[in-house]
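The values are calculated or read from the model by the stated rules, or taken from the named source; none is laboratory data. Owing to the predicted nature of the structure, the values given are computational and were not obtained by experimental measurement. Here the Cβ positions follow ideal geometry from the backbone for every residue, glycine too, while neighbour counts run over all protein chains shown.
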Amino acid sequence: MLSAFRMARKSLGRFIFVFFALFAAACVPSGNGGGGTPGKSDRAKPVQVALLVPGGSGQASDQILADSLTNAARLAAADLSGVKIDLRVYQTGGSPAQASAMALQAANEGAEVILGPVFAQEANAAGVALAGKGINLLAFSNNVDIAGGNVFVLGPTFDNSARRMASYAVRQGKNRIMIVHERNAAGEAGKRAIQRGITASGGTVVAVNSYEFSQQGVSSAAPGIVSTARETGASALFLTADTAGALPLLSQLLIDNGLDRNASKFLGLTRWDVPAQTLGLPGVQGGWFTLPDPNLYAQFQSRYQSAYGAAPHPIAGLAYDGVAAIGALARQGSDMSTGSLTQNAGFVGVSGIFRLRANGTNERGLAVAEIRNNQVVVIDPAPRSFSGAGL
C-alpha cells in the first residue's frame, strides 16, 4: 500500500510523483482566484520562505532527501520572474520535537510561509507549534490525517487518484466496480477513497473483497475474489495493492484463478510504473492507473539533472511546486493566507496542475495510463486546467 500511512523513511521512495517557459513566469495561476478573498501585500521585498528538511538525523537517506528537496526549491526560486524568494533552510533531523522548534525559529525570524517537513508526525508537530501565528505550512506528505487548519499536504492523495480513475472508468463503461483491498490501515483508507470516488462518478460498487496482507492471505483470497467478480458481473476490479506490496502476486493469482481480463478490467489506486520492472509482469498487462503528466515531470528531471548532476529524489518536485506557487502568489501581490493559497484556479507544478483545498488536502490533474506490451501508454491525458473535464 501507499506508504503515507507508515513512518518508515524507506517508504518515501514510493511517492513518485514543465513547462519551464511557464515556470520562468512563476507558475502563474489561471483565471480568477476563489476559495476565499486573497490578501494583498507589498512585494517590494523578497518573500521569506522557510524550508524544513530532514537533514541532521544521521541517516544517509534523510540527508539525500534533504539535499534533493533543497536543490529543487532553489531551482524553483531561480526560475521565478518578477519576484524574489528569501529561502531559508532548517534541519529537522526527522524529529517531531525538532521540527516544532525549527518552525518556531523560522516564524521568529520572519518566515511568511513554511515548506515541509516531510514526515507526517513532524508536519503535525510543526503545524501545532505555528497555530495562532497566522503562518501556513505546506507539508511534503500525503497523509490527509494531518491536513486542516494551517497545515496543507502537497503529496498525492488516495481520494484524488480514486476520483480520477473512477471517473474515467465509468465514462468507458466500466461502471460496475468491485473493490479489492488489504486488511490493514492503508487498505481500509484506500477502500474508503475508492468508494467515494465511485459514488461521485456515478458508478456502482458491486462488491468489496479483502485479503490478509501476507503471501498466504493473498493466495487464500484469490479464488473467492474471482468467484465474486463473476457472480456480480463486475466490469472492473479496483485494487488498493501497490507495486511494493501485494500487486505482483495478487494480479497474477487472479489471472491464474480464471479471471477474464476482457470482462473485468484492473484499476489501480497507486502507481504501477514504479519500479519499472513492474511493467513486465504478466498480471498487470492491460491494467489502468493514474499518474502525473509524464512529459512535464520528465522535463523537471532533465532540468534538475543538468543543474545538479544527479536525478532528483522522487518527491523533490513537491518542493519545486511549493516555491513556484508561492512565487506566483507573490507576483500577483497576494499574501500567503489561506484564501490566497486555496484559490480555485490553482497552479502549474512540475507534474501538472494542482490546487490546495480549504480542508488542507490537494487536487492534482492526473493522466490515466494503461500498461500495454510492458510499456506505459497514456490513454487519457492530464487536464491543463481545473475548468474542464478529466479531474
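Okay, residues lined up against (1) among the hydroxyl-bearing types (Ser, Thr, Tyr); (2) over 26 Å from Leu356 (Cβ atoms); (3) touching a strand residue (DSSP E or B) at 6+ places or on another chain (Cβ under 6 Å); (4) not assigned by TED's automatic domain parsing to the domain that holds Thr228:
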site	(1), (2), (3), (4)
Met165	no, no, yes, no
Lys174	no, yes, yes, no
Ala185	no, no, no, no
Lys191	no, no, yes, no
Gly197	no, no, no, no
Ala207	no, yes, yes, no
Can you tell me which of Ala325, Ala307 is among the small types (Gly, Ala, Ser) and either more than 17 Å from Asp79 (Cβ to Cβ) or buried (at least 16 other Cβ atoms within 10 Å of the Cβ) (or both)? Ala325
Filtered residue count, the stretch 78-102, keeping only those that are under 16 Å from Ile114 (Cα atoms), touching a helix residue (DSSP H, G or I) at 6+ places or on another chain (Cβ under 6 Å) and either surrounded by fewer than 22 Cβ atoms within 10 Å (Cβ to Cβ) or of a type in the set (Val, Ile, Thr) (or both): 6
With the requirement that a residue be at pLDDT 95 or above and among the aliphatic types (A, V, I, L, M), what does the stretch 334-349 give you? Met336, Leu341
If a residue counts only when it is of a type in the set (Lys, Arg) and either modelled with pLDDT of 95 or more or in contact with a helix residue (DSSP H, G or I) (Cβ under 6 Å, 6 or more places away or on another chain) (or both), which strands (runs of 3 or more DSSP E) contained entirely in the stretch 152-255 have at least 1 such residues? 176-182
Tell me, which residue of the stretch 339-377 that is under 18 Å from the mean Cα position of the chain (by Cα) and of a type in the set (Val, Ile, Thr) is surrounded by the most Cβ atoms within 10 Å (Cβ to Cβ)? Val350
Flag for Val274 being at pLDDT 95 or above and buried (at least 18 other Cβ atoms within 10 Å of the Cβ): no
From the list Ala107, Ala78, Ala72, which one is within 22 Å of the chain's Cα centre (by Cα) and among the hydrophobic types (A, V, I, L, M, F, W, C)? Ala72
